[in-house]
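Written below as structure tokens is the structure these notes are about.
Taken together, the values in this text are just the output of simple stated rules run on the coordinates, not laboratory data. All values derive from a computational prediction rather than experimental measurement. A quick note on method: Cβ atoms are made from the backbone with ideal geometry, for glycine too, and the neighbour counts reach across all protein chains shown.
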Amino acid sequence: MEGLWSYLLYLCGVLVNVFSLCESPMKLQANELDRDQYLGRWLFIAAASSSPSSLEKFTTTDSTMFSMTQSNSPERLQLQAAIRLNTGQCFHKSWIYLLKEESPDLGTEGRPHMRTQLFSAKCPDSIIVQETDQDYHRILLYSRVLHPAEDCVADFKDKASCLEMSEFLLIPRTQGACEFQET
């Protein structure tokens, strides 16, 4: 009888997995990307995590625009951010992503523990980025358009849920973007 219960529980688990609506995002290999497709301007739309502390730094943000450019070295991508806080104040950040031939993920210069993975999103003008460091694990939705379709954001939330990330933050984007500083 005990064997029968074990078998039935196993069968139920298989059926749940088969009929599950969860669809994990498709991973993109950073070292094989068509860079021209991903260079340029991106807008920060939403973030998700399993813990509120992983999203805390974004709660004071109204909008963020990113610019990804190729540096002089083929294994280095320059990322600039123009960030507007809820108070209206703008500030700027920049960092270097490192592409390594042997790694499908992006490294971040000066942050050896940070791991950045890229995933496709439902909408062609969007991308999902997963960031993992010593004290956070989160996914972020970026888009080429300020207000992506609702089903794009819903798809992101579904993917977050499948990754057991129940904390969700939609960036307001109500004040307009800050301009980039000339470097």
Is it possible to state the helix-based mean residue ellipticity at 222 nm for the chain, with each DSSP H run of 4+ residues giving -39500 (n - 2.57), the sum divided by total residues, to the nearest 500 deg cm²/dmol? What is it?
-6000 deg cm²/dmol
Each label point is 7 Å from the Cα along the Cα-to-Cβ direction; what then is the distance between the points at ASP133 and PHE91, in nm?
1.3
Around GLU131: net Lys/Arg minus Asp/Glu count, Cβ-Cβ under 13 Å:
+1
Using the Cα centre of the chain as the reference point, and only Cβ charges (+1 on K/R, -1 on D/E), how large is the resulting charge dipole? Debye, rounded to the nearest 20.
360
Under 21 Å from the Cα of LYS27 - lysines, other chains or at least 8 residues apart:
LYS100, LYS122, LYS157, LYS159
Calculated diffusion of the chain, Stokes-Einstein form, Kirkwood radius summed over Cα pairs, 25 °C and 0.890 mPa s, µm²/s:
137
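Work through the residues other than GLU32 whose Cβ is under 14 Å from its Cβ and net out their charges, Lys, Arg +1 and Asp, Glu -1.
On the way: positive: LYS27, ARG35, LYS100; negative: ASP34, ASP36, GLU75, GLU101, GLU102, ASP105.
Net charge around GLU32: -3.
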Extended-chain gain in nm, criterion 0.36 nm per residue less alpha-carbon gap, LEU39 and GLU23:
3.1 nm
Contact order relative to length for the chain, counting C-alpha pairs under 8 Å separated by 6 or more residues, stands in percent at 29
With labels modelled as points extended 7 Å from the Cα through the Cβ direction, what inter-label distance (nm, one decimal) is found for GLU179 paired with ALA154?
3.9
Note to self: C-alpha centroids of segment 61-77 and segment 103-175 sit apart, in Å, by 16
Note the angle between two axes, namely the Cα long axis of helix 150-162 and the longest principal axis of the Cα atoms of the chain, as a number of degrees from 0 to 90, rounded to the nearest 10.
60
In nm, to one decimal, how far is the modelled label at GLN70 from the one at ARG111, with both set 7 Å along Cα→Cβ?
2.5
